[in-house]
Structure formats: C-alpha cells, structure tokens
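Student: Below is the structure I would like to discuss, written out as structure tokens.
The values are calculated or read from the model by the stated rules, or taken from the named source; none is laboratory data. For clarity, every value in this text was computed on a predicted model and none was experimentally measured. Quick reminder, even Gly has a Cβ in these numbers, built from the backbone with ideal geometry, and neighbours come from all protein chains shown.
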Amino acid sequence: MQHMILAVTLMVRDEADVLPAWLDHHVAQGFDVFVITDNGSIDGTTELLTAFAERDDVTVDLRHDPVHRKQQGTVVTGMARDAAAVHGADWVVNADADEFVIPVDRTLTVRQVFERLDPVVGAFFVPVVNLTGELAESGAGIERLHWRDERSVVELRAAGLIAPPTPNTVHVGDPSVTVIQGNHRASVANGAPVPEGLALEVLHLPWRSWEQYAHRVEVSGRAYEDNPELTPSPRHHGMTDYRRLQEGVLQAVFSLRFVTDADAASGPFTRDDGIAEVLRRADSAALPAAPDPVVGADELRSLQRLGRSIAGRDARIQDLEDAVRVGEETADTLRRTVQFERTRAESFQAELARTHARRVVRLADRAGVLARRLRTR
C-alpha cells in the first residue's frame, strides 16, 4: 500500500512560547511534511524552527519572509501548492501556531483519520474551538487553558469578542489550490461528506498570556497599517484591540476572555485536556516545568470590572455610530428624493412653458390667417 503523505503548512511570527508544543503535537499526530514560513520573527522562533528543520524523521521545508504586510493568503497559497507539487502531499492542513488539529475521537490520530478518509471528499470545514482558563502574565498555557469556551454570541460580545471562531478548511493536495486569508476557505470543492467517526477539530489557543497577546496585537496592527492593499473595517477585531492597546485599556478587556477553574466548572465551559494529553503521551519537552504566573483572583476581578466598562463603552459607541450611519443614509435618501422631485418639477415647468409657447404660436398663426382673410374680402 502506498504511503499517504500528510502535510501541514504554517506561517509564523514570534510564537516561541507555543511553537515547541505545536511542533511536537503535529509530529505526534502523524504529519510527515511541514512547510513553514518564518515571517521575520525576533523572539527565538527562527532558532526553534532551524533546529526543527534538522530532524530526519519528518520533512521540513523551512522558508523565510521578513515582510510584515498581512500577506498570509499569498504565502499560505504558495506553501499549500508546493506541499502537493514538491512534496507529493495527499492531504494538506493549513494552520496557525496557536491551532492544534486533533480528531474528535481521541482514540485516533490525525494520520489515522486521513488514512481512512476517501480523497473524493476534496475539501471540508474543520470547526475551531477556543480554549480558555486562568489569566497569566506569561506562558503558553498548554495545561492551564483547558476549558472549551462555549459561551453564546451575546456572552462573547459582553466579553469584548465578536463571535465564535470561523472554521478552517482542510483539502486534498492540489498544485493549483488557492487559500483565502486566515485559512478559512480553499478553492478545492467538497465532493462528499466526512463520516461522523472521522471528524476533526482545531483546539485554538489565541489568548495564552497578556505578554503574548499585547505583542501580537501590536505587530498585527502595524502590519495592517503598512499594507495599503488591505483596508480592514475599524470594527475588525484586530484593529479594535489595536486601538484599545494604544489607549492603554486592552488588558482590562482582554481579562474578560478568561475564567477561573471554579467559575468555569459551573459555566458554559467543558474541560478538555486534549493538547496536554497528546504531549504527555509523546513525552514532549514542551510541557511546562513550572506553572504559568497566574494573575491573582482579586486582580482579575478588578481588571474584569474595568473591562466590562470598556466593552460596554465600545458597544455604545458602535450603537451610536450605527444610528449616525442610518441617519446619514436616511438623510442622503431624502436629499436624493428631494432632488429627484425638484428635477421632475423643473422638467414639468419647462414642458409646460414649451406647451404654452406652442399654443401662443398656434393662436398667433390663426390670428394671422383670419387677418389675411378679412383683407381679401
């Protein structure tokens, strides 16, 4: 039987806190091709990847792109195409360094899923689940962030978030594939449903620590500013947090994304130690030797009180902006309506004047005819 080649692509910048766990996790899950682009990291990520590229049990295609202009879609598309064209990948997963691909059935590995999956499936969506837990100043949170965030959209918005994360797309190897920014869409068509027992999901660690998140928001905001081809809405979550960072209030809003173990046990959260369990079975050195420096309960409550005020303020500002926008659109519609009626009235007056002029001419002509008849009698 021919060996199935399973590839993962990764564009990464300054993710040294979580990258060792990500690499070990995906090796343990059976990926044998890693196409990775280091996007000008300065925190030790480059050195970690260089060391990883020396392994002989997996194929590592390490690239370097120092430009910071939110070009992820273009770069990932190139990596995904090369995964198929250069490395012969049968299946390609495009991921970020905070996204851990794992089967829903934890008795399987990702490789075992794809070995049983018919390639006629083509491409399919994989749900992304945010993991949360206690807030820490630093650390990757591999064992600390073990609660699946199942809050409703209303609850998420009260915490300063927009909605649950968007699913990612997994696809068969295709040398002409196009991957959309964010790994959420690919040009490969879906040809058949994925059997229930072979479902995958992504465990997502976007909020690992205050130190990591503040740096990420700063770098991302500057990248958007430096790329004139991208014009994100002021309400884009990244730009909203970039503005909060500049105002000095981001940490307070950021704290709303976290929950203590005691509170999580009675809230809309479900315990999930899937990432840590994979790493423990792999005897990974990425598991922390000491607990992450957690923010104390009193400080967390204080931050969250302020965070709720800021989130509420921003929601009110958005409501006012919506009202102004609706008002401006209504006023614009009224202006166009008034102008239309004015133009129509002016056109009617002009036509009336032309009709009156034609009538006067006809009357004058008749008078002239009558005068000539009288003169000839």
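Student: Are any residues in the range 149-186 closer than 28 Å to ALA286 by Cα and surrounded by 20 or more Cβ atoms within 10 Å (Cβ to Cβ), and if so, which ones?
Tutor: ASP149, ASN168, THR169, VAL170, ASN183, listed by residue number.
Student: Right, something else. Every residue in the range 199-212 that is farther than 22 Å from GLY73 by Cα and either crowded, with 19+ Cβ neighbours inside 10 Å or modelled with pLDDT under 85 (or both), please.
Tutor: Matches in the range 199-212: LEU200, TRP207, ARG208, SER209, TRP210, GLN212.
Student: Looking for whichever is surrounded by 10 or more Cβ atoms within 10 Å (Cβ to Cβ) and in a helix (DSSP H, G or I) here; the options are ARG375, ARG358. Which one fits?
Tutor: Just a single option satisfies the conditions, and that option is ARG358.
Student: Out of all the residues in the range 26-42, which are aliphatic (A, V, I, L, M), within 27 Å of VAL104 (Cα to Cα) and surrounded by fewer than 20 Cβ atoms within 10 Å (Cβ to Cβ)?
Tutor: So in the range 26-42, the residues aliphatic (A, V, I, L, M) come out as 27-28, 33, 35-36, 42.
Then drop every residue that is not within 27 Å of VAL104 (Cα to Cα), which leaves 27-28, 33, 35-36.
The answer is VAL27, ALA28.
Student: Something else: Suppose we filter the range 294-313 for residues that are touching a strand residue (DSSP E or B) at 6+ places or on another chain (Cβ under 9 Å) and either surrounded by fewer than 12 Cβ atoms within 10 Å (Cβ to Cβ) or in a helix (DSSP H, G or I) (or both); how many remain?
Tutor: Of the residues in that region, 1 qualify.
Student: Let me ask something additional. Can you confirm whether the range 77-98 contains a residue that is under 20 Å from GLU277 (Cβ atoms), of a type outside the set (Val, Ile, Thr) and surrounded by fewer than 17 Cβ atoms within 10 Å (Cβ to Cβ)?
Tutor: Looking through the range 77-98, none of the residues is under 20 Å from GLU277 (Cβ atoms), of a type outside the set (Val, Ile, Thr) and surrounded by fewer than 17 Cβ atoms within 10 Å (Cβ to Cβ).
Student: Right, something else. Do any helices (runs of 4 or more DSSP H) entirely within the range 249-291 hold 3 or more residues that are touching a residue at least 24 places away in the same chain (Cβ under 8 Å) and surrounded by 14 or more Cβ atoms within 10 Å (Cβ to Cβ), and if so, which?
Tutor: Those helices (runs of 4 or more DSSP H) span 250-254, 274-281.
Student: Same structure again: Restricting the search to the range 62-114, which residues are hydroxyl-bearing (Ser, Thr, Tyr) and either under 22 Å from VAL177 (Cα atoms) or touching a Leu at 6+ places or on another chain (Cβ under 7 Å) (or both)?
Tutor: THR74, THR77
Student: Considering only residues that are part of a strand (DSSP E or B) and closer than 22 Å to GLU115 by Cα, which ones fall in the range 193-207?
Tutor: Scanning the range 193-207 gives LEU200, GLU201, VAL202, LEU203.
Student: Of everything in the range 158-172, what is part of a loop (DSSP other than H, G, I, E, B), β-branched (Val, Ile, Thr) and under 27 Å from PRO193 (Cβ atoms)? Give them in sequence order.
Tutor: Answer for the range 158-172, where residues must be part of a loop (DSSP other than H, G, I, E, B), β-branched (Val, Ile, Thr) and under 27 Å from PRO193 (Cβ atoms): just THR166.
Student: Pairs under 7 Å by beta carbon, first residue in a loop (DSSP other than H, G, I, E, B) in the range 143-157, partner among the aliphatic types (A, V, I, L, M) and surrounded by 23 or more Cβ atoms within 10 Å (Cβ to Cβ), six or more apart or different chains?
Tutor: Pairs that qualify, where the first residue is in a loop (DSSP other than H, G, I, E, B) and the partner is among the aliphatic types (A, V, I, L, M) and surrounded by 23 or more Cβ atoms within 10 Å (Cβ to Cβ), are LEU145/LEU131; LEU145/LEU205; HIS146/LEU131.
Student: Any residue at all in the range 173-192 that is of a type in the set (Asp, Glu) and part of a helix (DSSP H, G or I)?
Tutor: no
Student: Go through the range 43-68 and report how many residues are buried (at least 16 other Cβ atoms within 10 Å of the Cβ) and at pLDDT below 90.
Tutor: 1
Student: Mind listing whichever residues of the range 19-34 are part of a helix (DSSP H, G or I) and over 24 Å from the mean Cα position of the chain (by Cα)?
Tutor: Across the range 19-34, the qualifying residues are ASP24, VAL27, ALA28.
Student: Kindly indicate whether any position in the range 135-149 is at pLDDT below 95, among the hydrophobic types (A, V, I, L, M, F, W, C) and more than 15 Å from ASP96 (Cβ to Cβ).
Tutor: no
Student: How many residues are at pLDDT below 95 and either surrounded by fewer than 19 Cβ atoms within 10 Å (Cβ to Cβ) or closer than 16 Å to ARG111 by Cα (or both) if we restrict to the range 1-25?
Tutor: Of the residues in that region, 3 qualify.
Student: Considering only the range 35-125, give the helices (runs of 4 or more DSSP H) lying wholly within it that have at least 3 residues that are more than 26 Å from HIS146 (Cα to Cα) and without any contact (Cβ under 8 Å) to a residue 40 or more places away in the chain.
Tutor: Fully inside the range 35-125 and qualifying: 45-52.
Student: While we're here: Condition (residue is surrounded by 12 or more Cβ atoms within 10 Å (Cβ to Cβ), at pLDDT 85 or above and either assigned to a helix (DSSP H, G or I) or in contact with a Lys or Arg (Cβ under 6 Å, 6 or more places away or on another chain) (or both)) applied to the range 320-331: is it met by at least one residue? Step through it out loud before you land on a result.
Tutor: Quick first cut of the range 320-331, residues surrounded by 12 or more Cβ atoms within 10 Å (Cβ to Cβ) only: 321.
Next, only the ones that are at pLDDT 85 or above stay: none.
There is no residue in the range 320-331 that is surrounded by 12 or more Cβ atoms within 10 Å (Cβ to Cβ), at pLDDT 85 or above and either assigned to a helix (DSSP H, G or I) or in contact with a Lys or Arg (Cβ under 6 Å, 6 or more places away or on another chain) (or both).
Student: Sticking with this one: Can you tell me which residues in the range 110-122 are surrounded by fewer than 19 Cβ atoms within 10 Å (Cβ to Cβ) and in contact with a strand residue (DSSP E or B) (Cβ under 8 Å, 6 or more places away or on another chain)?
Tutor: Passing the criteria: ARG111, GLN112, PRO119, GLY122.
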